Amino acid sequence: DLKAGERLVTVGFPSRLPMKIDRGAVVKEVRGDAVNTFALDSDTFEGSSGSGIYDESGALAGVLVLGGED
């Protein structure tokens, strides 16, 4: 269960670039609707969809989709 303010790590290969790791991602909002989703503040951009999002223990917390505008 994620909580607002929790630190996360995103790892991906956006737009065919070398691996991008953001160790400074933070949960902004947890949404407990029918589809368990959360919003985060991370250094990602268009083309980052599909990046793995991990908690500090290395467990998969989610997959990045629907990013904001660059």
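None of the figures in this text is laboratory data; all of them are computed from the coordinates on show. Everything numeric here is computed off the predicted structure, so don't read it as measured data. Virtual Cβ from ideal backbone geometry, glycine too; neighbours counted across all protein chains shown.
The slack in the chain from Ala4 to Arg31, taken as 0.36 nm per residue of separation less the alpha-carbon distance, amounts to 8.7 nm. When +1 charges are put on Lys and Arg Cβ atoms and -1 charges on Asp and Glu Cβ atoms, the dipole computed for the chain relative to its Cα centre reaches about 180 debye.
For the ranges 55-66, 10-21, what's the packing order if you count other beta-carbon atoms within 10 Å of each residue, average per peptide, and put the highest first?
In decreasing order of mean packing, 55-66, 10-21 become 10-21, 55-66.
The orientation-averaged projection of the convex hull spanning the C-alpha atoms of the chain amounts to 4.5 square nanometres.
Think of the chain as a dipole: +1 on every Lys or Arg Cβ, -1 on every Asp or Glu Cβ, centred on the Cα centre; then among Ala25, Ala4, Ser57, Ser57 lies furthest on the positive end.
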